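The values are calculated or read from the model by the stated rules, or taken from the named source; none is laboratory data. Computed from a predicted model, the values in this text were never measured in an experiment. All Cβ positions, even for glycine, are placed from backbone atoms using ideal geometry, and neighbour counts span all protein chains on display.
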Amino acid sequence: MTMRWLILPLAALAEVGWATGLKLASSPLEWLATVIVAAMSLLLAVRAVRFLPASTVYTVFVGLGAAGTVMADAWLFGTHFSWPSLGCIGVILVGVIGLHQFSGKPAMQTSASRTDVSREGASS
């Protein structure tokens with residue numbers, strides 16, 4: 001995993017942190033910490049967009065953030081957690097891994113576009 005990709009799990013972790021902070025914050029200092037973590041989450045996601053496709057960043061950021069928030073709710077607050085919920089989180093994580101594996105690779109060129117390029121080169 002390259003350093004670029006490490007930004008996204010950090011952003012997702014911050015996402016889980018501020019979502020959890022929304023439930024726990026009761027004092028002005030706790031609300032301030034929640035706002036800071038929310039800003040950090042967004043800034044990390046914006047930083048990742050500089051290096052990775054925006055669609056990939058958004059999907060991974062939201063997917064990991066949602067999965068992490070579900071797990072944090074179950075662990076910290078005793079929210080009902082079932083095997084189907086775990087299966088859905090697994091599907092999200094498989095999608096995130098798939099995006100990591102296939103992002104950044106050039107799209108395959110169709111034979112029609114290769115023919116057009118070769119014609120342009122021949123006419124020059």
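Contact map, region 6-22: residues that are at pLDDT below 90 paired with residues that are charged (D, E, K, R), Cβ distance under 8 Å, separation 6+ or inter-chain. Pairs shown: 7/47.
In region 11-23, how many residues are farther than 12 Å from residue 71 by Cβ and crowded, with 16+ Cβ neighbours inside 10 Å? Residues meeting the conditions: 6. The single residue among 34, 59 that is of a type in the set (Ser, Thr, Tyr), touching a residue at least 12 places away in the same chain (Cβ under 8 Å) and in contact with a Phe, Trp or Tyr (Cβ under 8 Å, 6 or more places away or on another chain) turns out to be 34. Flag: residue 54 does not match the condition of being crowded, with 19+ Cβ neighbours inside 10 Å, at pLDDT below 95 and of a type in the set (Gly, Ala, Ser).
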